[in-house]
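Trainee: Below: one structure in structure tokens.
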């Protein structure tokens, strides 16, 4: 589904990713973890074709390098949560319906099939009762559910999640991750998710990648959750404990 082979990328002369290599197989739930500014979001932008590598090879859904942007119509994207003006003139239904515009193009308008799909997507994320509610009036967790419904419009093969739980309370974080995991397994989606909190997804991820300018490690959770390695990545004391059959990461204060 995705292949990075010794990829270098960035913004202008600023190099953000150096010699990054990894691959994502169909149906995998992959999580990318790393500190702020480590290049996690840049990986997603490269997958979307918004950033073109300066070196190396990228393949996404059968498209390679310069052709990668052609894969966008098969990709759903859930961005980080953002502040929304309560006066934003769009209902929850309107926002979800926007998810079909990429497939329709500039000329065609959504028809009954697309509208029915938007209704169904809202049902899947538990927001049927908020169909006519202004998007700006939704809670943070509800907005992310609505944006997830929008990302699932058009039946994508690949779902990209950019820190989807940022600014949500603990309960909303776990509810959103459970919903994402459930829908992805039901639909057979391939998922690449960026997050700061690996504990939210450690029991669900097939692979975890640690990024800090380059891919420091990429493997199954049990193989990459090593306290000594993680302490070097984050510059902080890291403990890894077992809980309910899964490893959990505890970040402590750094002591020189």
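Trainee: Return the total of residues in the stretch 239-255 being in contact with a strand residue (DSSP E or B) (Cβ under 7 Å, 6 or more places away or on another chain) and at pLDDT below 70.
Mentor: 2
Trainee: Of the residues 236, 167, which single one is at pLDDT below 80 and closer than 17 Å to residue 141 by Cα?
Mentor: 167
Trainee: What are the residues in the stretch 151-172 that are surrounded by 23 or more Cβ atoms within 10 Å (Cβ to Cβ) and farther than 19 Å from residue 28 by Cβ, if any?
Mentor: Passing the criteria: only 165.
Trainee: A further question on this structure: Answer with yes or no whether residue 95 is modelled with pLDDT of 90 or more, assigned by TED's automatic domain parsing to the domain that holds residue 139, crowded, with 20+ Cβ neighbours inside 10 Å and within 27 Å of residue 231 (Cβ to Cβ).
Mentor: no
Trainee: Taking the conditions exactly as written (in the same structural domain as residue 190 (by TED's automatic domain parsing) and crowded, with 19+ Cβ neighbours inside 10 Å), does residue 46 satisfy them or not?
Mentor: Yes, satisfied.
Trainee: Find the residue count for the stretch 203-225, including only residues that are buried (at least 20 other Cβ atoms within 10 Å of the Cβ) and not in a strand (DSSP E or B).
Mentor: 3
Yes/no per residue for (1) in a helix (DSSP H, G or I); (2) within 28 Å of residue 150 (Cβ to Cβ); (3) modelled with pLDDT of 95 or more; (4) touching a strand residue (DSSP E or B) at 6+ places or on another chain (Cβ under 9 Å):
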residue: 7; (1), (2), (3), (4): no, no, yes, yes
residue: 10; (1), (2), (3), (4): no, no, no, yes
residue: 17; (1), (2), (3), (4): no, yes, yes, yes
residue: 20; (1), (2), (3), (4): no, no, yes, yes
residue: 41; (1), (2), (3), (4): yes, yes, no, yes
residue: 52; (1), (2), (3), (4): no, yes, no, yes
residue: 56; (1), (2), (3), (4): no, no, yes, yes
residue: 73; (1), (2), (3), (4): yes, yes, no, no
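Trainee: Only one of these is exposed (fewer than 13 other Cβ atoms within 10 Å of the Cβ) and modelled with pLDDT under 90: 111, 102, 34, 62. Name it.
Mentor: On inspection, the qualifying residue turns out to be 111.
Residues checked against (1) more than 30 Å from residue 136 (Cα to Cα); (2) in contact with a helix residue (DSSP H, G or I) (Cβ under 7 Å, 6 or more places away or on another chain); (3) assigned by TED's automatic domain parsing to the domain that holds residue 184:
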| position | (1), (2), (3) |
| --- | --- |
| 41 | no, no, yes |
| 66 | yes, no, yes |
| 69 | yes, no, yes |
| 78 | no, yes, yes |
| 89 | no, no, yes |
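The values are calculated or read from the model by the stated rules, or taken from the named source; none is laboratory data. Please read all numbers here as calculations on a predicted model, not as lab measurements. All Cβ positions, even for glycine, are placed from backbone atoms using ideal geometry, and neighbour counts span all protein chains on display.
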